[in-house]
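Visitor: Structure provided below as structure tokens; questions to follow.
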Amino acid sequence: MKYETVIGLEVHVELATDSKIFCSCSAKFGGEQNDHVCPACCGMPGMLPIVNKKVVDLGMTAGLMLNCDINRTTTFDKKSYYYPDLPCSYQTTQWFAPVAVNGLVEIETSKGKKGVRIKQIHMEEDAGKLVHDDWTDSTLVDFNRTSVPLCEIVSQPDLSSAEEVVAYLERLRSLLRFAHVSDCRMEQGSMRCDVNLSVRPEGSNKLGVRTEMKNMNSLSAITRAIEYEVARHIDALENGTEELVQETRRWDDIKGKSFAMRNKETAGDYRYFPDPNVMPIVIDDEWFDKIKSSLPEFPEVKKSRYVEKLGLSEYDAEQLVQSRALCDCFEEACEVCGSPKDVVNWIISDCMKVLNRKQMTLDMLDISGKALGELIVLVNDGKVSRMNAKKILDAIFEGEENPATYAEKQGFIVSNDTGAIEAIIKSVVDSDPKSVQDYKSGKEKALMALFGKCMRELKGNCDPQILKKLLLECVEKA
Amino acid sequence: MDKTILSRLQKLNQLSLSDKEEESVLAFFADREAECEALSAIDTEKVERMVHVLPILTVVREDKEIKTFTRDELQKGAPETEDGYWQVPRLVE
Ligand SMILES: [Zn+2]
């Protein structure tokens, strides 16, 4: 019998805010244990939550980027469960009126294009971290992450393979990064995903038994987990190897297996009820329009503009639209120097080299586009050599915003005074008669040694072609 | 509401009721269920959903990080702490 897989995803992304969702504590990653805490996020009696406006802004932005309807009256609810990582013994989330509903995300795989429906996007607080301590035989609780704002994006069960899941997650990541909703770094846990999966005979309209794998945080692990689960489900259905039950499973990527964790709670078990401490939020026209008008160009729209209007290659344009910061830097630099092709070459070769050295990827580029544009002008006008331009680029990476003044201060401005260059060449040649002799007796390398000495004396401020020509003239005469 | 549901609810809420308490809780819920059923007889087709019992809206704050408390102040009342963590009985094997 042939089977088909039905997958729905719940994706959590951490929202890019400075403070937590209901209090002013820092939402930054890291810090000493329990350093980013206050009575509100520790669940002390009498505390009252105050909503961070930026969280609603970002929730709305996520909704609009994923073609959702925005609930103009949105409310928070309590989801009950007892566990020490939740100090209130409930999580404040959205159940009855989430900020965004009924969206659609288009994905593309080897099988073509497909729409994935979004059921809803809700805003909620993250839980704390537990450390199980063998030494004291106890569990230690860190509330730094408690109340850090999240968006949960719930899809309909429209996905049918690991390939589609990966395409969907990459699409979400791209859109949410573009809109500065979240940095969506799976390896840092700012994007994580619960996979709900079932298998049924092809063509059947009855859903099979569904299992859920929680907190998956790498695309490759997700792919392996889905492939394993599908095989396990089919084996159970075909050969009766086990009875499938609705449950939460943990994926062990090292063992390459999933393990049963606990019977899955049903929504009723969470006993959702409206949070009496947070009043409803009404998004008026002014607020809504402000967010709507701040949405960025979609990546594919930018890409075709770069190709058609700015003359970039498909490949280069695709590289740039990997990240909004990259696009912003590119566009700023173009504005200054007016040469998109030069800018993209600088970004994709020179900047890339610096990033590689720092073990960073292109989408992490975070330099001033204006400074990059000014540097390109200096090079194109022949004011600094390529060699020194690279040193100036390093300075831009360190935060230098004015390449022209920097170049002057460092003595990087190319001298147009051929007389001065010739004087330096002459003094080098005169001081090294042996190299001159070696060159004249046929040792090509000797000329390179002289060339290097001259370049050092000139601090790199000379066009290599001009230097070579003048040096040859001088050596011939010597 | 019956004994099975009540026992599941007790587990979820980490309660353990005596037989006598169970009886009174069951009677209480039976009354509430009857009230709800009576309410469901009302036609609410054209009534807008009530989002909150009070006709007031929330205030929002700007996204600004402010440190208001130190860890030591917060952990003053904690029964057990260890190296800046709150300490609780071991949760997993
Ligand atoms: Zn706090």
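Visitor: For region B:27-76, state which GluC sites (Glu not before Pro) are in a DSSP loop and have at most 16 other beta carbons lying within 10 Å of their beta carbon.
Guide: Taking region B:27-76 and a limit of 16 other Cβ atoms within 10 Å, the loop GluC sites (Glu not before Pro) found are B:45, B:48, B:62, B:65.
Visitor: If one takes the longest principal axis of the Cα atoms in chain A, at what angle in degrees, from 0 to 90 and to the nearest 10, does the Cα axis of helix A:299-308 lie?
Guide: So the inclination is approximately 30 degrees.
Visitor: I need the Debye-formula profile for region A:212-274: one equal scatterer per C-alpha, no solvent, reported as log10 I(q)/I(0) at q = 0.24, 0.25, 0.26 1/Å, two decimals.
Guide: Log10 I(q)/I(0), no solvent term: -1.04, -1.09, -1.13.
Visitor: In addition: Run the paramagnetic zone check for residue A:53: 7 angstrom along Cα to Cβ, then residues of region A:283-301 with backbone nitrogen under 15 Å.
Guide: A:283-292
Visitor: Go through region A:308-349 and name the trypsin sites (Lys or Arg not before Pro) that are in a DSSP coil and have 12 or fewer other Cβ atoms within 10 Å of their Cβ.
Guide: The qualifying sites are A:309.
Visitor: How many percent of DSSP beta bridges within region A:187-263 run antiparallel, rounded to 5?
Guide: Taking every DSSP beta bridge within region A:187-263, about 75 percent pair in antiparallel fashion.
Visitor: Amide H of residue A:156: which non-local residues (sequence gap of 5 or more, or other chain) have their own amide H closer than 5 Å, using H built in the peptide plane?
Guide: Sorted by chain and number, the residues that satisfy this are A:117, A:118, A:119.
Visitor: Further question on the same structure: For region A:285-296, just list the computed ³J(HN,Hα) in residue order, Karplus coefficients 6.51, -1.76 and 1.60, θ = phi - 60°, integers in Hz, with x standing in for Gly and Pro.
Guide: Calculated HN-Hα couplings, in order: 4, 4, 5, 4, 5, 4, 5, 4, 6, 8, 5, x Hz.
Visitor: Rounded, prolate or oblate: which one fits chain B, using the alpha carbon gyration tensor with axes a ≥ b ≥ c (rounded when a/c is under 1.5, else prolate when a/b beats b/c, else oblate)?
Guide: It is oblate, given that a/c is not under 1.5 and a/b is not larger than b/c.
Visitor: For chain A, what is the percent of antiparallel DSSP beta bridges, rounded to the nearest 5?
Guide: Antiparallel: roughly 95 percent of the beta bridges in chain A.
Visitor: Taking beta carbons within 10 Å but only from partner chains, what does the mean come to for residues A:131-137?
Guide: Across the residues of A:131-137, the mean count of other-chain Cβ atoms within 10 Å is 3.
Visitor: What do you get for the angle between helix A:464-477 and the principal long axis of chain A? Use alpha-carbon atoms, 0 to 90 degrees, nearest ten.
Guide: For A:464-477 against chain A, the angle is about 20 degrees.
Visitor: Let me ask you something else. How far apart, in nm, are the 7 Å Cα→Cβ label points at residue A:241 and residue B:60?
Guide: 5.1
Visitor: Does region A:418-477 come out rounded, prolate or oblate by the C-alpha gyration tensor, with a ≥ b ≥ c the root eigenvalues, rounded set by a/c under 1.5 and, if not, prolate when a/b is larger than b/c and oblate if not?
Guide: Prolate shape, in that a/c is at least 1.5 and a/b is the bigger ratio.
Visitor: Taking amide H positions as placed 1.01 Å from N in the peptide plane, with prolines and chain starts having none, which residues 5 or more places from residue A:100, or on another chain, fall under 5 Å of its amide H?
Guide: Hits under the 5 Å cutoff: A:71, A:121.
Visitor: In what order, largest first, do B:86, A:346, A:135 sit by accessible area if the probe radius is 1.4 Å?
Guide: A:135, B:86, A:346
Visitor: Something else about it: Measuring from the lowest to the highest alpha carbon on each principal axis, how far does region A:3-285 reach, largest first, in angstroms?
Guide: Computed over the Cα atoms, the extents are 56, 55, 33 Å.
Visitor: Also: Which angle from 0 to 90°, rounded to the nearest 10, does the C-alpha axis of helix A:369-380 make with the longest principal axis of chain A?
Guide: Tilt of helix A:369-380: around 20 degrees.
Visitor: Counting only Cα atoms, I'd like the Rg/Rh figure for region A:1-159, Kirkwood definition for Rh.
Guide: 1.05
Visitor: GluC sites (Glu not before Pro), restricted to region A:386-428: which are DSSP loop and have at most 11 other Cβ atoms within 10 Å?
Guide: A:398
Visitor: Give me the mean projected area, in nm² to one decimal, of the convex hull enclosing the Cα positions of chain A.
Guide: Dividing the Cα hull surface by four gives the mean projection, 33.0 nm².
Visitor: Okay, moving on. When a/c reaches 1.5 or more, the comparison of a/b and b/c decides; with that in mind, is region A:169-226 rounded, prolate or oblate per its Cα gyration tensor?
Guide: Note, shape of region A:169-226 comes out prolate.
Visitor: Explain nothing, just compute: Karplus ³J(HN,Hα) = 6.51 cos²θ - 1.76 cosθ + 1.60, θ = phi - 60°, for every residue of region A:230-235 in order, whole Hz, x for Gly and Pro.
Guide: Ordered by residue, 3J(HN,Hα) equals 4, 4, 5, 4, 5, 4 Hz.
Visitor: Skipping prolines and chain starts, which residues have an amide H placed within reach, meaning under 5 Å, of the one on residue A:27, given they are 5 or more residues away or on another chain?
Guide: Those qualifying (amide H under 5 Å, at least 5 residues apart or on another chain) are A:19, A:20.
The values are calculated or read from the model by the stated rules, or taken from the named source; none is laboratory data. Because the structure is predicted, anything quoted here is derived from the model rather than measured. Every residue, glycine among them, receives a Cβ derived from its backbone with ideal geometry; neighbour counts consider all protein chains shown. Protein only, heavy atoms only, side chains kept; ligands, DNA and RNA dropped before computing areas. Shrake-Rupley method; radii C 1.70, N 1.55, O 1.52, S 1.80 Å.
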